[in-house]
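Working notes, structure below.
The values are calculated or read from the model by the stated rules, or taken from the named source; none is laboratory data. Here the structure is a predicted model, which means the values were calculated and not measured. With ideal geometry, Cβ positions are generated from the backbone for all residues, glycine too; neighbour counts draw on all protein chains shown.
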Amino acid sequence: MMETALGVERSLTGRRWVWRHSDPRMASALSQQLGLPELVGRLLSARGVDTESAALFLEPTLRALLPDPSILLDMDGAAARMADAVQRGETVAVFADYDVDGACSGALMTQALRALGCTAMPYVPDRLAEGYGPNGPAITGLIARGATLVICVDCGIAAHDALAVAAGLADVVVLDHHKAEGPAPRVAAAVNPNRLDCTSGLRQLCAAGVAFLAAVAMQRELRRRGFFADRPEPDLRNLLDMVALATVCDVVPLIGVNRALVVQGLKVLARRERPGLAALMELAALRDAPSAHTLGFVLGPRINAGGRISAPDLGLLMLLETDPIEARGMAERLDAVNRQRQEVEAGVLMAAMRQAEEQQAAGHAVFLLQDEGWHPGVVGIVAGRVRERFNRPACVAGFENGVGKGSGRSVPGLDLGAAIIAARQSGLLIAGGGHAMAAGFTIEASRLPELHAHLDERLAAARDLPGSAELVVEGALTVRGATAELAQSVARLAPFGSGNEEPSFALSRARVVKAGRVGKEGATIRAFLEGEDGGRLKAICFRAKEGPLAEALLAQGGAPMLLTGHLRAEVWNEQTSAGFFVTDAARI
């Protein structure tokens with residue numbers, strides 16, 4: 001068990017605070033080598049960074065980290081078939097998933113092909129009418145429209161039957177990253193770092209990362225064939241804004257090549273040259289340089305909303321739109337759909353939380369929450385919220401006419417995807433698959449009790465987890481010590497996300513001297529903190545509409561508290577200051 005931080009066994013949000021330790025000698029060496037504060041050296045050391053890898057961690061480049069696409073099984077075959085399509089002037093269908101990764105990888109591949117003079121038709125299935133992945137009628141329809149090559153992005157690795165309808169009529173190339181079972185489908189090429197027989201070591205790529213490598217391989221093959229002897233070669237780096245967006249939103253680890261893809265992609269995004277993304281950032285009133293937070297919490301949810309609620313291809317089409325006026329209209333539609341998604345989600349979440357409390361009291365290891373009419377487009381988000389609240393794997397399903405479509409989210413160390421796949425293989429599910437941290441499934445209502453028993457048995461270790469997740473603290477600061485200079489040094493470790501979490505710091509003996517609600521429905525609290533050493537610090541707390549944490553922050557002038565949160569540098573009128581983003585608090 002990790003050591004308790006600052007003696008906090010149960011915070012105001014019910015969490016135990018624990019220290020994240022590092023190698024003190026390596027931390028000191030890193031601090032001296034890089035000219036950074038000792039605290040930042042400890043942060044680097046805790047992330048496995050040493051003196052040899054530090055420079056590349058802080059400034060990741062594609063030149064150093066982008067792998068040779070050929071190390072992916074079937075990539076050379078995929079590149080050759082796509083290059084053939086370009087040279088022959090074929091019509092290519094790009095079949096994409098309806099989430100952010102699907103929209104980005106679909107738009108990326110479509111744009112890459114069109115830039116080479118190829119006719120490319122993107123297609124995104126309707127979540128409710130067609131479900132996930134390729135389906136026979138859609139493939140047949142694309143072939144009827146002239147497609148002689150179908151490229152499946154972010155889907156297809158398990159669609160043996162659906163892709164079989166193309167046999168003899170069109171070739172198929174799969175560019176996927178989902179966990180694969182057994183042999184790949186019988187297609188021209190199936191590129192997937194998570195194929196059982198792929199030894200590339202790139203299992204942490206999202207689909208857009210795979211698609212980007214495929215575009216690199218395709219252009220390399222065309223270059224080898226002399227295709228660019230009399231024409232300019234498109235600059236694939238202009239696609240990296242979409243790769244970065246998908247990488248963050250698909251919650252793959254931000255290490256190695258993924259880190260380089262996001263860092264370089266954010267530079268492309270900052271130029272605001274893609275009209276759709278520029279319009280979304282304008283709608284969100286974003287004026288600062290974009291960050292991983294921009295990708296994951298501002299752009300991603302809006303693009304996802306189309307596939308979740310309505311207009312499944314709207315996000316992809318917006319990414320491709322070159323006319324600023326048209327792109328603005330699409331962005332406004334997505335923004336409106338996202339507000340609708342939030343309303344639908346709120347109703348399902350309230351009911352799901354009540355069911356989760358009942359199942360927690362009943363001793364279930366896994367929560368299986370369901371009801372008639374719950375929208376399948378929000379069940380994944382709700383499952384994630386329940387997982388966060390109770391620190392348990394959670395599956396949420398919406399039913400219609402006796403059939404439920406569900407989604408699940410797990411906790412580190414418990415492979416939900418494998419459990420769902422086993423349930424499908426045993427006949428409990430109509431369909432199902434996923435990976436360790438997330439899964440999707442379709443089930444008949446009569447099989448729910450059996451599925452719940454199966455999940456409880458397969459993931460029984462969840463019963464030993466604490467009732468809420470531990471909060472990892474990486475250092476203690478005074479209010480006076482939480483400076484803009486330190487915040488800027490911490491920002492050197494960005495982009496933050498899965499595999500490189502943003503550091504949480506504890507503020508010792510901080511007193512709230514002023515606080516008030518702001519934002520929609522007053523769910524955000526802005527405050528000013530004062531330390532016993534006389535320091536002052538701006539603070540903000542999101543998703544604080546109610547609860548003990550909100551009450552404590554609003555009790556201005558009360559006793560000093562311990563606070564945890566993220567220290568960030570904020571720029572306003574060319575002046576940089578420190579801001580503390582509160583995540584938890586504890587009484588002293």
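Quick notes
- Qualifying residue in segment 507-516 (condition: farther than 27 Å from residue 410 by Cα, without any contact (Cβ under 8 Å) to a residue 40 or more places away in the chain and either surrounded by fewer than 20 Cβ atoms within 10 Å (Cβ to Cβ) or not assigned by TED's automatic domain parsing to the domain that holds residue 553 (or both)): yes
- Residues located in segment 245-262, provided they are surrounded by fewer than 24 Cβ atoms within 10 Å (Cβ to Cβ), not aliphatic (A, V, I, L, M) and not in a helix (DSSP H, G or I): 253
- Residue 33 being outside the structural domain of residue 299 (by TED's automatic domain parsing) and part of a helix (DSSP H, G or I): yes
- Candidate set: segment 40-70, residues that are surrounded by 13 or more Cβ atoms within 10 Å (Cβ to Cβ) and among the β-branched types (Val, Ile, Thr); chosen: the one nearest to residue 488 (Cα to Cα): 40
- Considering each residue of segment 317-339 in turn, at least one proves to be part of a helix (DSSP H, G or I), touching a residue at least 60 places away in the same chain (Cβ under 8 Å) and in contact with a Gly (Cβ under 7 Å, 6 or more places away or on another chain).
- Residues considered: 182, 201. Of these, the only one that is assigned by TED's automatic domain parsing to the domain that holds residue 142 and either farther than 27 Å from residue 142 by Cβ or of a type in the set (Phe, Trp, Tyr) (or both) is 201.
- Failed criterion for residue 503 (all others in (1) in a loop (DSSP other than H, G, I, E, B); (2) farther than 18 Å from residue 568 by Cα hold): (2)
- Taking (1) charged (D, E, K, R); (2) modelled with pLDDT of 95 or more; (3) crowded, with 19+ Cβ neighbours inside 10 Å in turn, residue 15 satisfies each apart from (2).
- Answer from 489, 508 - the residue that is part of a strand (DSSP E or B), over 24 Å from the mean Cα position of the chain (by Cα) and at negative phi: 508
- Residue 40 meets all of the listed conditions (1) closer than 16 Å to residue 503 by Cβ; (2) part of a loop (DSSP other than H, G, I, E, B); (3) touching a residue at least 60 places away in the same chain (Cβ under 8 Å) but one, namely (2).
- Conditions (1) part of a helix (DSSP H, G or I); (2) over 18 Å from the mean Cα position of the chain (by Cα); number of the one not met by residue 265: (2)
- Which numbered condition residue 190 fails, given (1) touching an Asp or Glu at 6+ places or on another chain (Cβ under 6 Å); (2) assigned to a loop (DSSP other than H, G, I, E, B): (2)
- Search result, residues across segment 347-371 that are in a loop (DSSP other than H, G, I, E, B) and out of contact with any Gly (no Cβ under 9 Å at 6 or more places or on another chain): 362, 363, 364, 365
- Residue 559 meets all of the listed conditions (1) surrounded by 15 or more Cβ atoms within 10 Å (Cβ to Cβ); (2) among the small types (Gly, Ala, Ser); (3) not in a strand (DSSP E or B) but one, namely (1).
- Condition check for residue 347: surrounded by fewer than 17 Cβ atoms within 10 Å (Cβ to Cβ), at pLDDT below 95 and within 18 Å of residue 400 (Cβ to Cβ): yes
- Qualifying positions in segment 19-37 - touching a residue at least 40 places away in the same chain (Cβ under 8 Å) and surrounded by fewer than 18 Cβ atoms within 10 Å (Cβ to Cβ): 19, 37
- In segment 268-284, residue surrounded by the fewest Cβ atoms within 10 Å (Cβ to Cβ) [restricted to those that are over 20 Å from the mean Cα position of the chain (by Cα) and in a loop (DSSP other than H, G, I, E, B)]: 271
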